[in-house]
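The values are calculated or read from the model by the stated rules, or taken from the named source; none is laboratory data. Since we're looking at a predicted model, the values are computed, not measured. Backbone-built Cβ (ideal geometry, glycine too); neighbour counts: all protein chains shown. Just so you know, the surface numbers come from the protein's heavy atoms only, side chains and all, with ligands and any DNA or RNA stripped out. Shrake-Rupley method; radii C 1.70, N 1.55, O 1.52, S 1.80 Å.
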Amino acid sequence: MATLEVTGHLIFYLPKAARDGTVARAVVPPGTALGHLPGILGIPQEEIQAYIVNGRSVKDLSTILGQDDHVVILPVITGG
Amino acid sequence: MLEGRAIIVDLTTKCTSQLAIDERTRSQYMGGSYLGTYLWLEYSRLEVDPLSPANTLVFAPGLLTGYPIIAANRTSVVAKSPLTGLLSESTVGGYFGPKLRSSGLDAIVLRGTSPEPCYILVEGDDPSEVKLLPAGDLWGLDTFKTAETLKARHGDDVEIAAIGPAGENCVHFACITAGGSDTRAAGRTGMGAVMGAKNVKAVAVKSGKTPRPQNPKELAEMMRDLAGRIREKTQAFSAYGTAGGVISCEATGDLPIQNWKGGSFPGAARITGQAMAERGMVVGHYTCWGCPIRCGKDVILSAGDRAGQKSHGPEYETIAAFGSMCLNDDPDYVAAANDLANRLGLDTISAGNVIAFAIECFERGIIAEDICGRPLRWGDGETILYLLEEIAHRRGIGRLLSRGVRAAAQSLGPLAQEFAVHVKGLEVPFHDPRAYTSMAVNYATCMRGACHLEGLTYYVESGTYSRSNLGIESEIVPSGTEGKAEVAFKMQNFLAAFNSLGLCKFLLRAQVTPDEIAGWVRTTFGLEMSGKDLLDSGERLFNLRRLCNVALGITRKDDILPPRLLSQPRPTGKAAGVLPHLGKMLDEYYKLRGWDHEGIPTISTLKRLNLLEFVGKLGISERVLSE
């Protein structure tokens with residue numbers, strides 16, 4: 001399975017059980033496209049700033065995740 | 001249509017008079033910060049002592065404030081700042097500005113000092129309708145109680161801008177609060193202290209006539225389109241307010257932690273707006289005049305003397321101030337500190353910086369327990385509440401801290417100056433220039449000292465505001481230097497225009513463009529204006545204020561960040577190891593601005609912006625200017 005680490009306010013879109021401090025964790029099956037993650041997780045796409053796949057920023061939303069990929073999802077920041 | 005008027009109140013003699021503002025002046029200086037600066041320079045000299053009668057205090061709603069335009073509700077307060085020593089301004093939303101506009105006034109100018117406490121009641125635009133009334137019974141009341149008392153006295157349709165005990169005691173970072181418990185504040189640079197020094201407790205404005213735009217149908221059409229975009233783009237903002245951003249800012253390394261020396265703060269998950277909502281703390285929402293976002297929140301307090309009462313919910317900056325900056329992850333104490341600071345009339349950004357600075361001084365043994373009156377501890381809510389009271393009443397350690405971190409550090413010596421975080425005397429707001437490095441050049445060059453709202457360049461870096469709206473072509477990488485000067489230059493010009501027009505900057509979330517805003521001005525006043533004209537007017541205001549700073553001795557040596565932000569990287573988190581290369585960005589920025597290597601506008605720049613006349617007026621020697 002590919003592992004996901006959701007950060008920032010985006011963790012509040014995931015169930016409490018998935019949250020661990022300031023991050024929330026989830027897994028998706030290999031073969032999932034990066035662009036499908038918002039729909040799977042219930043996170044609005046416009047609130048996502050970046051996807052970091054195995055430590056590198058990936059902008060191509062058609063990227064297919066592999067078995068051991070690790071994705072960090074960063075939020076668009078807000079604040080006053 | 002563009003002629004305007006201001007009321008001049010001489011507090012010393014209790015005389016009021018009217019000043020006609022001709023069409024040419026108003027079309028050039030518009031309103032808000034720009035008109036306020038123009039009027040201040042007409043009545044005061046830059047060398048005045050900020051707390052003396054000679055420091056004029058101007059309230060000026062933006063040009064569009066009060067017209068049927070979404071989020072056009074802000075008023076600027078302009079005076080020389082006791083905190084920075086610079087000509088400064090602070091803006092406030094809520095309902096005060098639209099009410100002032102409905103009275104028919106473009107500005108209220110307060111001169112001199114009242115011999116005894118007073119408040120000002122505005123019932124119209126004629127001098128006879130502006131009254132100075134005794135405020136002996138109000139002196140000492142907090143800002144909420146002051147607003148309640150004046151509403152009970154003059155009716156619910158009165159809107160009030162008031163100071164609390166901090167302003168009365170001339171704390172250098174006292175604010176002016178509008179809206180009572182639905183708090184909105186002209187927070188920064190100590191405008192509340194200037195008002196307190198004048199013995200003015202409040203300005204109360206009664207209802208008047210709603211102004212009509214020249215072409216209401218066309219304007220309504222524009223607003224329908226804008227309202228849809230705002231609703232779509234600000235859903236999370238409506239639900240949680242700015243507080244909803246706390247945990248995301250922590251994730252991106254933007255949230256300052258422990259007086260700017262930390263890198264990560266797991267406690268952010270407890271004090272973010274979403275967590276407060278989940279705990280049931282948030283019990284309501286409120287909005288400023290003419291705004292569908294409703295970013296204001298009501299909370300129930302659970303700590304401090306007012307546990308069980310309803311109050312204004314803490315915003316992002318305040319949560320950083322009394323939360324992560326002090327390593328406090330107890331949302332009840334954050335909310336209690338917010339309530340207390342608002343009642344006392346303290347700017348929460350400066351107050352949070354000052355308190356974190358004081359705790360670090362105590363931790364390092366620079367100030368002893370007998371001076372502090374009690375141990376000052378990280379993560380201790382009672383420490384925060386105690387220091388807020390001491391500062392507002394200038395008691396004990398509060399006397400030292402009430403002048404801000406720069407003055408306190410100067411008194412405490414070089415070691416304390418190493419971790420006193422300010423620019424030009426203004427404490428740094430809570431967006432870390434090591435996470436979004438455009439904020440370094442923005443903080444270094446802002447007109448009033450470290451200010452996030454003069455540039456909001458992190459909006460562009462993070463993608464919250466599209467760079468293409470301002471014609472910025474190069475991609476912006478958060479930790480680098482490429483393109484950052486251009487972002488600061490363009491955003492500062494754009495947002496200076498916001499301050500002239502009285503617009504809330506959260507409109508940026510709906511991707512409003514300079515052309516679009518110029519359309520609102522055209523439709524409202526019939527004034528021919530393009531997006532470029534709007535940006536040019538912002539550039540002119542920015543340079544006028546720079547000239548004021550130059551006249552006060554500001555040069556490149558002052559366009560600097562404090563040592564902690566320039567040379568000490570965050571140890572952990574997403575921004576770990578990043579330091580802003582300020583010198584390189586500053587060189588590029590000065591070139592874009594048409595300033596010389598020392599940061600002084602050149603003669604050709606001043607000619608281009610039609611500002612040369614101010615050189616003599618401000619007492620600047622022509623010898624310091626280069627071609």
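Given the rule -39500 (n - 2.57) for each run of at least 4 DSSP H residues, summed and divided by the residues of chain B, what is its mean residue ellipticity at 222 nm, to the nearest 500 deg cm²/dmol?
Only helices count here, giving -11500 deg cm²/dmol.
For the range B:237-427, what's the relative contact order in percent, using C-alpha pairs closer than 8 Å and at least 6 residues apart? The partial results should precede the final answer.
Numbers: 336 pairs, mean separation 33.7, N = 191.
Relative CO of the range B:237-427 lands at 18 percent.
Can you check what the net charge comes to around B:Ala60, using other residues whose Cβ is under 15 Å from the Cβ of B:Ala60 (Lys, Arg +1; Asp, Glu -1)?
Details: positive: B:Arg5, B:Arg26, B:Arg74, B:Lys99, B:Arg101, B:Arg111, B:Arg545; negative: B:Glu42, B:Glu89, B:Asp106, B:Asp125.
The answer is +3.
So what does the Cα-only Debye profile of the range B:195-312 read at q = 0.14, 0.18 Å⁻¹, as log10 I(q)/I(0), no solvent term?
For the range B:195-312 at q = 0.14, 0.18 Å⁻¹, log10 I(q)/I(0) is -0.90, -1.06.
Looking at A:Val71, A:Ala24, A:Gly35, which one has the Cα that reaches farthest to the positive end of the dipole of the range A:2-75 (charges on Cβ: Lys, Arg +1; Asp, Glu -1)?
Final value for the positive-end residue is A:Ala24.
Keeping the other protein chains in place, figure out the carbon and sulfur percent of the accessible area of the range A:2-75, with a 1.4 Å probe. The partial results should precede the final answer.
Numbers: 1930 of 3470 Å².
After summing per-atom areas, the C and S share lands at 56 percent.
Of all beta bridges DSSP finds with both residues in the protein assembly as shown, what is the antiparallel percent, to the nearest 5?
80
Determine the dipole magnitude for chain B: charges of +1 sit on the beta-carbon of Lys and Arg, -1 on that of Asp and Glu, nothing else is charged, the reference point is the Cα centre, and the result goes in debye to the nearest 20.
Here chain B has a charge dipole of around 300 debye.
So which of B:Lys80/B:Lys209; B:Lys131/B:Lys209; B:Lys505/B:Lys617; B:Lys151/B:Lys206; B:Lys14/B:Lys201 end up more than 22 Å apart by C-alpha?
Listed pairs above 22 Å: B:Lys80/B:Lys209; B:Lys505/B:Lys617.
In deg cm²/dmol, rounded to 500, what helix-only [θ] at 222 nm does chain A give when every DSSP H run of at least 4 residues adds -39500 (n - 2.57) and the total is split over its residues? Walk me through the intermediate numbers first.
Details: 1 runs with 5 residues, N = 80.
So the calculated ellipticity at 222 nm is -1000 deg cm²/dmol.
Going Cα to Cα from B:Lys532, which lysines come in below 16 Å? Please leave out same-chain ones fewer than 8 positions away.
Within the straight-line limit of under 16 Å, B:Lys532 reaches these lysines: B:Lys490.
Name the residue farthest towards the positive end of the dipole of the protein assembly as shown from the options B:Val194, B:Pro134, B:Val477, assuming +1 on Cβ of Lys and Arg, -1 on Cβ of Asp and Glu, about the Cα centre.
Looking along the dipole axis, the top candidate is B:Pro134.
Stretched out fully, how many nm does the piece from B:Ser52 to B:Thr572 gain, at 0.36 nm a residue minus the Cα gap?
Extra length from B:Ser52 to B:Thr572 when fully extended: 182.6 nm.
How big is the gap, in Å, between the Cα center of the range B:569-623 and the Cα center of the range B:69-101?
That distance is 25 Å.
Contour minus end-to-end for B:Lys261 and B:Glu389, with contour as 0.36 nm per residue of separation and end-to-end as the Cα-Cα distance?
Result: 43.5 nm gained on full extension.
If r is the Cβ-Cβ distance from A:Arg25 to B:Ser238 and R0 is 22 Å, what FRET efficiency results, to the nearest 0.05?
0.20
Would you kindly give the portion of the calculated P(r) for the range B:254-403 that falls above 25 Å, as a percent of all Cα pairs?
Taking all Cα-Cα pairs of the range B:254-403, the fraction more than 25 Å apart is 26 percent.
Given axes a ≥ b ≥ c from the Cα gyration tensor, I'd like to know whether the range B:4-205 is rounded (a/c under 1.5), prolate (a/b larger than b/c) or oblate.
Here the range B:4-205 falls in the rounded category.
With charges only on Cβ, +1 for K and R and -1 for D and E, what is the dipole size of the range A:2-75 about its Cα centre, in debye, rounded to 20?
120
Calculate the spin-label point distance for B:Glu613 paired with B:Gln28, positioning each point 7 Å from the Cα along the beta-carbon direction, and give it in nanometres.
Each label point lies 7 Å from its Cα, and together they span 0.4 nm.
Name the shape class, rounded, prolate or oblate, that the alpha-carbon gyration tensor gives for the protein assembly as shown, where a ≥ b ≥ c are the square roots of its eigenvalues, rounded holds for a/c under 1.5, and otherwise prolate holds if a/b is larger than b/c and oblate otherwise.
In terms of gyration-tensor shape, rounded.
So how strong a dipole does the range B:4-205 carry about its Cα centre when Lys and Arg Cβ are +1 and Asp and Glu Cβ are -1, to the nearest 20 debye? Could the numbers behind the result be given before it?
Details: 18 positive and 21 negative charges, 57 e Å.
Here the size comes out at about 280 debye.
Extending each Cα 7 Å along its Cβ direction at B:Arg377 and A:His36, get the distance between those two points in nm, one decimal.
Placing both labels 7 Å along Cα→Cβ, they lie 5.2 nm apart.
Note the full-extension length gain between B:Glu475 and B:Ser207 as 0.36 nm times their separation in residues minus their Cα-Cα distance, in nm to one decimal. Each step should come with its number before you reach the end.
On the way: separation 268, 0.36 × 268 = 96.48 nm, distance 4.83 nm.
Taking 0.36 nm per residue and subtracting the Cα distance, the gain is 91.7 nm.
With a ≥ b ≥ c taken as the square roots of the eigenvalues of the C-alpha gyration tensor of chain B, please select rounded if a/c is under 1.5 and otherwise prolate if a/b is larger than b/c or oblate if it is not? Please report the intermediate quantities before stating the final value.
Numbers: a/c = 1.26, a/b = 1.10, b/c = 1.15.
Rounded, because the longest to shortest axis ratio a/c is under 1.5.
Please report how far the C-alpha centroid of the range B:481-530 lies from that of the range B:271-312, rounded to the nearest whole angstrom.
First find each Cα centre; the distance between them is then 30 Å.
Given an 8 Å cut-off on Cα distances and at least 6 residues of separation, report the relative contact order of the range B:438-624 as a percent.
23
What distance in nm separates the two pseudo spin-label positions at B:His597 and B:Asp533, each 7 Å out from Cα along the beta-carbon direction?
My value for the distance between the label points is 4.0 nm.
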